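What follows draws every value from the coordinates through simple rules; no lab data is involved. All values derive from a computational prediction rather than experimental measurement. Neighbour counts run over all protein chains shown; Cβ positions are idealised from the backbone, glycine included.
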Amino acid sequence: MNTEQIIHTFVEYFEERGHRRITGSTLLPPPGDPVLFTTSGMHPLTPYLEGRPHPLGRRLVNVQRCLRTTDLEEVGDATHLTVFEMLGTWSLGDYEGSLSLDWGFKLLTEGLGVDPGLLHATVFAGDDRTGPDTASQQVWQDLGVPVELTVEDNWWSNGPVGPCGPDSEIFLWSGNTPPRSTPTRDHRWVEVWNHVMMRHRRLEDGSLVPLPQRNVDTGLGVERLAALLQGKSSVFDCDVFDPWRRTVPDLWPLDEPSLRLVYDHVRSAVVVLGDGVRPANTGRGYVPRRLLRRVLTTLWRDDPSRSLGDLPGELFSHTLDHFRQDADPSDVRRLLLGEERRFGRLLERGSQVLARPRFRRTLTDEDFHYLHDTHGLPRDLVISLRQE
Ligand code: SER
């Protein structure tokens, strides 16, 4: 099943159960929101989880593109991407978490063909403030799905304050052997779907108060599920990356971790630019700049003649189409090349700065900060320039 089919099956399943689809579009949060980018499907819905009536009702479904730079260092492993799509469902004070879990199990097994024997769930064990989530535990027991109880891993919050609650996560076995152990003990259990019983609000002083309504907020990462359903061991092997894997390795013979970094970061930069962000030294614009500089640092380490201009236009149009973005692929390409030229000039200046006597010794953290803040030279770039 390809990504588009997964999205279609998911949305249709919940529409048949009374959910209305909301447009999960831009990465940019609504005006006045302090975060730079939308990091989860529920993020734009925060006011409605807190009780404001949603114009489309109490049952919602969507496909939301999300960006998480907190995971940047993890990009390249089998499950993390900077930009990804999240399928989400919400009960805004309507049905309870147990129904959501039951539907989740049926959609995965009957709708998407997952072998029930490859599922494991985790459930909140309770702590000194909130009791154990026995309702969710009961659902899994009735369905015959093994359950692991945890405390921190099964409490979801978007930040230090705001809506939060116990969650129940569904894991799918990705190993070549029959399933064994539990999600916290064996990383071959991959988390695919999180159901959050969003019924508390955390205040500044850390205390919890009940939200005006009992919500359910669920999120499922599309690329992760696609990879598993397609029998692939990493998100980079799912259909979304087909055009990348077909073209980039021939262009640039890089090792696998570097290829993954290139796929993820170029694709993410294209999507961010496609949403209208322009590269800059601060704020939102620093994200595409940083992503592209990491790519160029990787490419130029072996061969400084490599250029983002060598990438086939198909990669830009495929990515923008996939994310249903209207931006013109040639505009995006022009922006990438502008960034590349700018970074090239920065490197030239960097080499001159590093040639100064002050930097011809072991560099301290203070030196790295100075080089970064004053000359815009990232640490890994300084390190690779000094190795030349
Ligand atoms: N808020 C949960 C998450 O981001 C489910 O949407 O995982």
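A few comments on the model shown:
- When residues of region 194-206 are limited to those that are within 16 Å of the ligand (Cβ to nearest atom) and without any contact (Cβ under 8 Å) to a residue 40 or more places away in the chain, the one farthest from the chain's Cα centre (by Cα): 199
- Test: residue 191 is surrounded by fewer than 18 Cβ atoms within 10 Å (Cβ to Cβ), acidic (Asp, Glu), in contact (Cβ under 8 Å) with a residue 12 or more places away in the chain and in contact with a strand residue (DSSP E or B) (Cβ under 7 Å, 6 or more places away or on another chain): yes
Matching residues to (1) away from the ligand (no atom under 16 Å from the Cβ); (2) surrounded by fewer than 21 Cβ atoms within 10 Å (Cβ to Cβ); (3) among the aromatic types (Phe, Trp, Tyr); (4) under 30 Å from residue 5 (Cα atoms):
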site	(1), (2), (3), (4)
208	yes, yes, no, no
220	no, no, no, yes
241	yes, no, yes, yes
244	yes, no, yes, yes
254	yes, yes, no, no
271	yes, no, no, yes
280	yes, yes, no, no
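- Residues that are in a helix (DSSP H, G or I) and either in contact with a Gly (Cβ under 7 Å, 6 or more places away or on another chain) or touching a residue at least 12 places away in the same chain (Cβ under 8 Å) (or both), drawn from region 369-388: 371, 375, 380, 381, 382, 384, 385, 386
- Search result, residues across region 41-77 that are in a loop (DSSP other than H, G, I, E, B) and surrounded by 22 or more Cβ atoms within 10 Å (Cβ to Cβ): 41, 42
- Taking the numbered list (1) away from the ligand (no atom under 15 Å from the Cβ); (2) touching a residue at least 24 places away in the same chain (Cβ under 8 Å); (3) not aliphatic (A, V, I, L, M) in turn, residue 185 passes all entries but (2).
- Here residue 84 meets each of (1) in contact with a Gly (Cβ under 7 Å, 6 or more places away or on another chain); (2) away from the ligand (no atom under 16 Å from the Cβ) with one exception, condition (2).
- Contact map, region 241-257: residues that are of a type in the set (S, T, N, Q) paired with residues that are outside any helix (DSSP H, G or I), Cβ distance under 7 Å, separation 6+ or inter-chain. Pairs shown: 247/312.
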